[in-house]
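Below: one structure, written as structure tokens.
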Amino acid sequence: MNPNIVPIVMPKWGLSMSEGKLTGWLKPVGAGVVVGDEIIEVETDKIVNVVESSAAGTLRRIIGENGKVYPVKALIGVIAPDDVPEAEIDAFVADYATPASEDKSSDEAAPRYEFVDTAFGRLRYAKRGEGDNVILLIHGFGGDLDNWLFNIEALSAAGTVYALDLPGHGQSDKVVSEPSLNWLASAVVAFMDAVGVQAAHLVGHSMGGAISMRAAIDQPARVKSLTLIGSAGLGSEINGDYIEGFVGAASRRELKPLLEQLFDDPALVNRQLVDDVLKYKRIDGVEEALRAVAGGLFRDGRQTSVLAGELKASGAPVLIVWGESDRIIPAAHASTLGAAAKTEVLPGAGHMVQMEKAGRVNELVLDHVSD
């Protein structure tokens, strides 16, 4: 088979995705594409997002139909150079078979989520990949480990990847006995102890970035590097109205416009995403936990802890990634560390830049943790 023929397949986003709906082609047949070009839009049970090209060439075939649901790894298009004969493209399409073992492999047969008991409560986590190089993904306020659904599989190319639900979040215990960065950072270290990780590259989004910073400052031997994505802890400004609104939202009508503020493209917020967040917010103990954390970390619409000075002094290797149109924490905070950090601000992305520009974010993180 001609190695220059590259399949476009239904991606696997997150641990539970088995199929996705192709909602639209963003390039016509015959269009030239480069690596990173957005080529199709896919809807899952979590979110709508785009698939970026993994290869350069010409879009030679469109196989997938708009509005149709396809299993993960199903062939939906073909990219190849112009000089590849049509007959070879036809043969590739005819011979392609969606991997029958996708849902039966040992990796997929393993539990999608696991739990571990710590002094900070029972914490849910996901694990992907293997190896001594460990990456730990830490979500933000009101989020959970599914905030990394476009990243966890890709980052496992660098080693073992963990993503956890912080105390008070996701499916972890809802008790937050001390709503402070110190307490939450200690919970992260306790999680590392519980799963047998001595040191890790911490990747923190929003509040998770501030937690990662606190851990790196307090226990530098446990943190190999930091990646801060739309991070709290670098300045005092934050969208206090969003924080207050999210804590108090009790209906789909109240929650949807708040979630839309997280993205450059509000159309990415589908009904299922809103329903999932609303379901979490209705769990006993969640509102109390969120109010406690908001009061401890974001009191009166300001961040109570600014760690930039301490982080600079620590000498930790830092990568900062931000969405240019972030409406929760100003993108201006990305430059706070100056030359003490590698920094990239991505256009066309908001606060959830790791979702909206997953390909580029994954590329940046993989490069950073491999240094």
### Summary
Once both label points are put 7 Å beyond Cα along the C-beta direction, the ASP132-ILE89 separation in nm becomes 4.8
### Query
With charges set only on the Cβ (+1 for Lys and Arg, -1 for Asp and Glu), what does the dipole of the chain come to about its Cα centre, in debye to the nearest 20?
760
### Summary
The size of the Cβ-based charge dipole (Lys, Arg +1; Asp, Glu -1) of region 224-368 about the Cα centre, to the nearest 20 debye, is 180
### Query
Counting pairs of alpha carbon atoms under 8 Å apart in space and at least six apart in sequence, what relative contact order in percent does the chain give?
14
### Summary
Taking Cα atoms only, Rg over Rh for the chain with Rh from the Kirkwood formula is 0.98
#### Entry: Positive-end residue, the chain charge dipole about Cα centroid, Cβ charges, pick of VAL247, GLN198, VAL93
VAL247
### Query
Of the GluC sites (Glu not before Pro) in region 105-177, which ones lie in a loop per DSSP and count no more than 14 other C-beta atoms within 10 Å?
GLU130
### Query
Which length gain, in nm to one decimal place, applies between ALA31 and ASP276 when the Cα-Cα distance is subtracted from 0.36 nm times their residue separation?
84.5 nm
#### Entry: Rule-of-thumb Rg ratio for region 108-153 [Cα; 2.2 N^0.38 Å; N residues]
1.24
### Summary
Asserting the computed 222 nm helical MRE of the chain (DSSP H runs at least 4 long, -39500 (n - 2.57) per run, divided by residue count, to nearest 500) equals -8500 deg cm²/dmol
### Query
At what distance in angstrom do the alpha carbon centres of region 276-338 and region 345-369 lie from each other?
17
### Task
For the chain, build the charge dipole from Cβ charges (+1 Lys, Arg; -1 Asp, Glu) around the Cα centre, then report which of GLN354, VAL286, SER54 sits farthest towards its positive end.
VAL286
### Query
Applying 1/(1 + (r/R0)^6) with R0 = 51 Å to the Cβ-Cβ distance of ASP367 and ALA119, what FRET efficiency is obtained, to the nearest 0.05?
0.90
## Note on the structure
Once VAL69 and ALA339 are pulled to full extension, the length gained, defined as 0.36 nm per residue separation minus their Cα-Cα distance, is 92.5 nm
### Message
What are the membrane-span-like helices in the chain by this rule: whole DSSP H runs, Cα extent along the axis at least 20 Å, mean Kyte-Doolittle hydropathy at least 0.5?
### Response
181-195
### region 1-88 - charge dipole about Cα centre, Lys and Arg +1 at Cβ, Asp and Glu -1, debye rounded to 20
260
### Query
Can you pull the percent of the chain's accessible area that's carbon plus sulfur, 1.4 Å probe, other chains left in place?
49
### Task
Considering the options LEU366, ASN270, ASN66, tell which one lies farthest towards the positive end of the dipole of the chain, charges being +1 on Lys and Arg and -1 on Asp and Glu at the Cβ, about the Cα centre.
ASN270
### Query
Using the alpha carbon gyration tensor of region 310-371, what are the three equivalent-ellipsoid semi-axes (square root of 5 times each eigenvalue), largest first, in whole Å?
20, 16, 8
### Net length gained if the chain between ALA313 and ARG299 were fully extended (0.36 nm per residue, minus Cα distance)
2.4 nm
### Query
Setting aside same-chain residues fewer than 8 positions from LYS279, which lysines have a Cα under 22 Å from its Cα?
LYS46, LYS174, LYS256
### Message
With a 1.4 Å probe and all protein chains kept in place, how much accessible area does SER156 have, in Å² rounded to the nearest 10?
### Response
30
### Message
Can you give me the C-alpha center-to-center distance between region 184-247 and region 30-92, rounded to a whole angstrom?
### Response
37
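The values are calculated or read from the model by the stated rules, or taken from the named source; none is laboratory data. Predicted model only: the values in this text are computed from it and were never measured. Quick reminder, even Gly has a Cβ in these numbers, built from the backbone with ideal geometry, and neighbours come from all protein chains shown. These area figures cover heavy atoms from the full protein model, side chains too; ligands, DNA and RNA do not enter into them. Shrake-Rupley method; radii C 1.70, N 1.55, O 1.52, S 1.80 Å.
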